[in-house]
Amino acid sequence: MLVAMASASGEFKHILVTGASSGIGGSLAVAYAASGVTLSLSGRDSSRLAAVAQACRARGARVDASVLDVTDRSAMAAWIAARDQATALDLVIANAGISGGMGENADATRRIFAVNLDGVLNTVLPAVEIFRARRRGQIALVSSLASFRGFGGAPAYCASKAAIRIWGEGLRCALARDNIGVSVVCQGFVTSRMTDVNTFPMPFLMSAEKAAQIIRSGIAANKGRIAFPWPMLFAVWLLAALPDSWADILTRRLPDKE
């Protein structure tokens, strides 16, 4: 069932995307870009964000691109409120996220939780207030298939994404009475700056463009969980269901980030 704020064609007219300067966020922005569509994009890299904004404008979209850190609670709240005041928001995609790069030391662990958890809260909570007052809207939270089990090579990343997945699933139920749709995205390996540093094999690695199309279709259908690719989903589901002693044996064989 499409949520109420979609147009007759099933498209959203004002979409806000965080982490839009590259990867899934950038590809989602381009996928949604079209004549009559307003895009509000944020990212940390001004040059990459400007390139994505230009690509979206070339497809006919109106674009506001703002360099923001999602961990800045007050700045995010002010930006989201201003963008909604300019043109009523229909869809908010909390996509910004980071991994530990080549390892999760103490500083990296705190930064991962700040961006992946606090950054999502700083995006979604202001949107919830706006949508509740209007009694319509849709939210998508980008988690990961890594949220189904903690892995030794990336415990902070897995934990932060697990928190987002569980919160998003609960939020979907809590906001249904307000006619607000919530989708949680659980993707496998997707080509991006985040995965470019990985030196180990990444099964079923897909392009950000393909991932964006899958996510867009899932959001349009107001799916609660948009999880892909299915072989990876099945593998992590099975791993999470195994007894800890078995799962430990398997996960200890997985490669660590160098």
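All of the numbers you see were taken from the coordinates with simple rules; none came from a lab. All values reported here derive from a predicted model rather than from experimental measurement. Don't worry about glycine lacking a Cβ; one is built from the backbone with ideal geometry, like all the others, and counts go over all protein chains shown.
May I ask you to compute the full-extension gain from ALA51 to ALA221, defined as 0.36 nm times their residue separation minus their alpha-carbon distance, rounded to one decimal in nm?
Length gained, ALA51 through ALA221: 58.3 nm.
Taking θ = phi - 60°, what integer Hz values does the Karplus form 6.51 cos²θ - 1.76 cosθ + 1.60 yield along the stretch 154-161, in sequence order, with x for Gly and Pro?
Working through the residues one at a time gives 8, x, 5, 4, 4, 5, 5, 6 Hz.
Taking 7 Å along the Cα-to-C-beta vector as the label spot, tell me the SER74-ILE166 distance in nanometres, rounded to one decimal.
3.2 nm
For CYS56, CYS173, what ranking results if the residue with the fewest other Cβ atoms within 10 Å of its Cβ goes first?
Result, fewest neighbours first: CYS173, CYS56.
Considering amide H positions built from the backbone, and no H for Pro or chain starts, which residues 5 or more places from VAL182, or on another chain, come under 5 Å of its amide H?
The answer is ILE139.
Return the sequence-ordered ³J(HN,Hα) values of the stretch 216-228 in whole Hz as given by the Karplus equation 6.51 cos²θ - 1.76 cosθ + 1.60 applied to θ = phi - 60°, using x for Gly and Pro.
Per-residue couplings from phi come out as 4, 5, x, 5, 4, 8, 6, 6, x, 10, 10, 10, 6 Hz.
Of all the Cα-Cα pairs you can form in the chain, what percent are over 26 Å apart?
36 percent
Can you tell me the 0 to 90 degree angle between the C-alpha axis of helix 23-32 and the longest principal axis of the chain, rounded to 10?
Tilt of helix 23-32: around 30 degrees.
Can you compute 3J(HN,Hα) from phi for each residue in the stretch 35-50, using the Karplus curve 6.51 cos²θ - 1.76 cosθ + 1.60 with θ = phi - 60°, rounded to whole Hz and x for Gly and Pro?
Going residue by residue, I get 4, x, 9, 9, 10, 10, 10, 10, x, 9, 9, 5, 5, 5, 5, 5 Hz, with x marking Gly and Pro.
Between the helical axis of 119-134 and the dominant principal axis of the chain, each derived from Cα atoms, what acute angle in degrees is found, rounded to the nearest 10?
40 degrees
Add -39500 (n - 2.57) for each DSSP H run of 4 or more in the chain, then divide by its residues: what number comes out at 222 nm, to the nearest 500 deg cm²/dmol?
-14500 deg cm²/dmol
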